[in-house]
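The structure appears right after this line, and notes come after that.
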Amino acid sequence: MNSCQETVDLPAPGGPLIHSTGIRVSITDMPSSRCLSANPEAMPGVTELRTAHTADLGTALLSAVRDLMNAVFDGVSDDTFDNTLGGVHALILEDGELIAHGSVVQRRLLYDGRALRTGYVEGVAVRADRRRRGHGDAVMAELERVIKSAYHLGALGASPDGSRLYAARRWQLWQGPSAALTPDGIQPTTSHD
């Protein structure tokens, strides 16, 4: 086991990140880039939650994130994928294979004359055959930890499927109008209201 990884015992039946035997989980928090090379031989049969900045992911994991998003969302544009970059990622790997992802990136939301530093959640995706096992919840818990530590508030846009996850985690629906700051100035986003 390398220095950036910790394996902990959890009571069985455990939470969302449970080894197939139901008692061990490996959690890697803010690892260096050497810790993020997906190596299925390293810890077979273990589900890992990893957090890292985009700069530490490396080409292989960034490609795996893009592949996961393409599979979950029936393809994503380059702009949509780019929106997930530049912040902190929460990744769940099972036997070294990416099965869930989400990221939080900094945005500025203007409200009541103030520019609020906002942790914006992007790219939350769970592989179809691994859904309803708590992986989305685990990803969100880690992203929420980052938001609470570093930002004035958190925000996200949600699909109908994602809305259920976020509502269960007590995210509140914005009730007011919204707009985006574009090269052409502030533009209403009424289709999102």
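Treating only the Cβ atoms of Lys and Arg (+1) and Asp and Glu (-1) as charged, compute the dipole magnitude of the stretch 79-193 about its Cα centre; round to the nearest 20 debye. Provide the component values of the computation, followed by the final result.
On the way: 14 positive and 14 negative charges, 96 e Å.
That gives a dipole near 460 debye.
Excluding Gly75 itself, what net charge comes from residues whose Cβ is under 12 Å from its Cβ, given Lys and Arg +1 and Asp and Glu -1? Please report the intermediate quantities before stating the final value.
Values: positive: Arg66; negative: Asp67, Asp74, Asp78.
In short, -2.
At 10 °C and a viscosity of 1.306 mPa s, what translational diffusion coefficient does Stokes-Einstein give for the stretch 116-193, taking Rh as the Kirkwood radius over Cα pairs? Give it in µm²/s as a whole number.
Values: Rh = 14.1 Å.
For these conditions, the coefficient is 112 µm²/s.
So between Ala128 and Thr59, what do we pick up on full extension, going 0.36 nm a residue minus the alpha carbon distance?
22.5 nm
On the Cα set of the stretch 42-156, report Rg and Dmax in Å, please.
14.4, 52
Sort Glu144, Glu97 by heavy-atom solvent-accessible area, probe 1.4 angstrom, most to least. Intermediate results must be reported in sequence, preceding the final value.
Details: Glu144 25, Glu97 100 Å².
The ranking, largest first, comes out as Glu97, Glu144.
Under a 1.4 angstrom probe, counting protein chains only, how are Tyr166, Tyr120, Tyr111 ranked by accessible area, largest first?
Numbers: Tyr166 25, Tyr120 55, Tyr111 130 Å².
I get Tyr111, Tyr120, Tyr166, largest accessible area first.
Quick one: ranking His152, His53 by accessible area, 1.4 Å probe, largest first, what do you get? If you can, show how the numbers build up before the last one.
On the way: His152 105, His53 70 Å².
The residues order as His152, His53, largest area first.
For the stretch 61-121, what D do you get in µm² per second when you plug the Kirkwood radius from alpha-carbon pairs into Stokes-Einstein at 4 °C and 1.567 mPa s? Write down the numbers at each step before the final one.
Working: Rh = 12.9 Å.
Rounded, D is 101 µm²/s.
I need the phi-derived Karplus couplings for the stretch 152-161: 6.51 cos²θ - 1.76 cosθ + 1.60, θ = phi - 60°, integer Hz, Gly and Pro marked x.
Ordered by residue, 3J(HN,Hα) equals 5, 7, x, 8, 6, x, 10, 7, x, 5 Hz.
Summing Lys, Arg as +1 and Asp, Glu as -1, what charge do residues with Cβ under 14 Å from the Cβ of Tyr166 carry, Tyr166 excluded? Display every interim value, and only then the final one.
On the way: positive: Arg164, Arg169, Arg170; negative: Glu122, Asp137, Glu144, Asp161.
With Lys, Arg at +1 and Asp, Glu at -1, the neighbours total -1.
The values are calculated or read from the model by the stated rules, or taken from the named source; none is laboratory data. Computed from a prediction, not measured in an experiment: that's the story for all the values here. As a convention, Cβ positions derive from the backbone with ideal geometry for all residues, glycine included, and neighbour counts pool all protein chains shown. Remember, those area values only see protein heavy atoms, side chains included, never the ligands or the DNA or RNA. Shrake-Rupley method; radii C 1.70, N 1.55, O 1.52, S 1.80 Å.
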